[in-house]
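**Q** Mind having a look at this structure? Questions to follow.
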Amino acid sequence: MAIKKVGVVGAGLMGSGIAQVSAVAGFDTLVREISQELLDKGLGKIDGFLSKAVDKGKMSAEQKQSALDKLKGTTKLDDLSDCDFIIEAVTEDIKNKKELFQTLDKNCSDATIFASNTSSLTITEMAAATERPDRFVGLHFFNPVPVMKLVEVVRTIETSQETFDAAFEFARSLGKEPIACKDNSGFVVNLLLVPYLLAAIRAVESGVASIEDIDKGMTLGCGHPMGPLTLLDFVGIDTTYYIANIMFEEYRQPQYAAPPLLKKMVLAGYHGRKSGKGFYDYSGEKPVPTDLGL
């Protein structure tokens, strides 16, 4: 199953990263956004990331131009009809994703493989909205996509061996390290990571230790590159809350239940780095722990 042309739906943080690594790997890549403004923003991110790579000597100016020559943008979903492999990277809304794949299913060749970059929703539900559940996989990249090596390749009970193998090899061709996962909410990484992050929030909530000391305990005691509360700010407090609710709905187990503090921070707009404040306040020269009134 030869993959020559790749379509990416969504040019946000994840979609632009996926489109970038696809183009750098030599695939003709078409990225679609709902508006020209969002498309230009996404393509600008890619250009900026590649320019930094050139400045750091990680790629030549010729390699950058070659990647950009492989990359095109569009606001029309129909333009993806001749793609061999299409990866969806839009917001985590199952209704929107199903409608998207239903439209693509009608417009694309029967041989086209569909993939979703979801981190928590079930692939089976999306695949069931199409007439090609055997050619549907999960392909979960990690942020930032050009840097992070891991890709979770998710197989449903209907995914064919040929489709799974093609998706696995495609991930490898991007210079990634794929791992095989079953279609369970959270796959491998979030299945283990989300309870850990929620436990760290509960530790803050119950006064086990300070924000800084919890982070220091896990970096120095377990060798983690960053503490759980710093990681929460990086991932997004609101994103974690959303994923936790999806996983709790799926499993109904207490380790996936969002602590009250998490909900309060979301309501207060403390979403982490992107909002300027989460468990740490990023308004000054250095991040400082936020006073959460506990």
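Please treat every number below as a calculation from the coordinates, not as lab data. The model shown is predicted, which means the values in this text are computed figures rather than measured ones. In this analysis, Cβ positions are derived from the backbone assuming ideal geometry, glycine residues included, and neighbour counts consider all displayed protein chains.
**Q** Antiparallel as a % of all DSSP beta bridges within the chain, to the nearest 5?
**A** That works out to approximately 25 percent antiparallel.
**Q** Mind checking region 224-293 for trypsin sites (Lys or Arg not before Pro) that DSSP puts in a loop (not H, G, I, E or B) and that have at most 11 other Cβ atoms within 10 Å?
**A** Arg252
**Q** Please find, in a Gaussian network model of the chain (springs between Cα atoms separated by less than 10 Å), the residue of Asp84, Asp93, Asp40 whose mean-square fluctuation is greatest.
**A** Asp93
**Q** What residue among Ile86, Ile211, Ile113 has the largest mean-square fluctuation in a Gaussian network model of the chain, using Cα springs under 10 Å?
**A** Looking only at Ile86, Ile211, Ile113, the largest GNM fluctuation is found for Ile211.
**Q** Classify region 191-278 as rounded, prolate or oblate from the Cα gyration tensor: take a ≥ b ≥ c as the square roots of its eigenvalues, call it rounded if a/c is under 1.5, otherwise prolate when a/b beats b/c and oblate if not.
**A** Verdict is oblate for region 191-278.
**Q** Moving to a separate point now. Note the angle between two axes, namely the Cα long axis of helix 161-173 and the longest principal axis of the Cα atoms of the chain, as a number of degrees from 0 to 90, rounded to the nearest 10.
**A** Taking Cα atoms only, the helix is inclined about 70 degrees.
**Q** Additional query: Are there any trypsin sites (Lys or Arg not before Pro) in region 163-217 that are in a DSSP loop and have at most 12 other Cβ atoms within 10 Å? List them by number.
**A** none
**Q** Another question about this same structure. Give the range of the longest stretch in the chain that excludes all GluC sites (Glu not before Pro) found in loop regions by DSSP and having at most 16 other beta-carbon atoms within 10 Å.
**A** Longest stretch, sites excluded: 159-284.
**Q** Next up: Pull out a ≥ b ≥ c, the square roots of the eigenvalues of the alpha-carbon gyration tensor of region 5-182, then state rounded if a/c is under 1.5, prolate if not and a/b is larger than b/c, and oblate in the remaining case.
**A** prolate
**Q** For a 31 Å ceiling on Cα separation, which of these pairs sit above it: Lys70/Lys176; Lys64/Lys277; Lys52/Lys72?
**A** Check vs 31 Å cut-off fails for Lys64/Lys277.
**Q** Of Met14, Met126, Met226, how do they rank once you tally other Cβ atoms within 10 Å and put the fewest first?
**A** Ranking Met14, Met126, Met226 by Cβ neighbours within 10 Å, fewest first, gives Met226, Met14, Met126.
**Q** Follow-up. Averaging sequence separations of C-alpha pairs under 8 Å and six or more residues apart, then dividing by the length of region 1-46, give the relative contact order as a whole percent.
**A** About 44 percent, as a whole number.
**Q** Let me spell out the model: positive unit charges on the Cβ of Lys and Arg, negative unit charges on the Cβ of Asp and Glu, origin at the Cα centre of the chain. What dipole size does that give, in debye rounded to 20?
**A** Charge dipole of the chain: 480 debye, to the nearest 20.
**Q** Still on this structure: Would you mind checking the tilt of helix 211-222 against the longest principal axis of the Cα atoms of the chain, expressed as 0 to 90 degrees and rounded to 10?
**A** 70
**Q** Oh, and also: What ranking of Leu121, Leu13 emerges when the number of other C-beta atoms within 10 Å of each C-beta is taken as an exposure proxy, fewest first?
**A** In order of increasing Cβ crowding within 10 Å: Leu13, Leu121.
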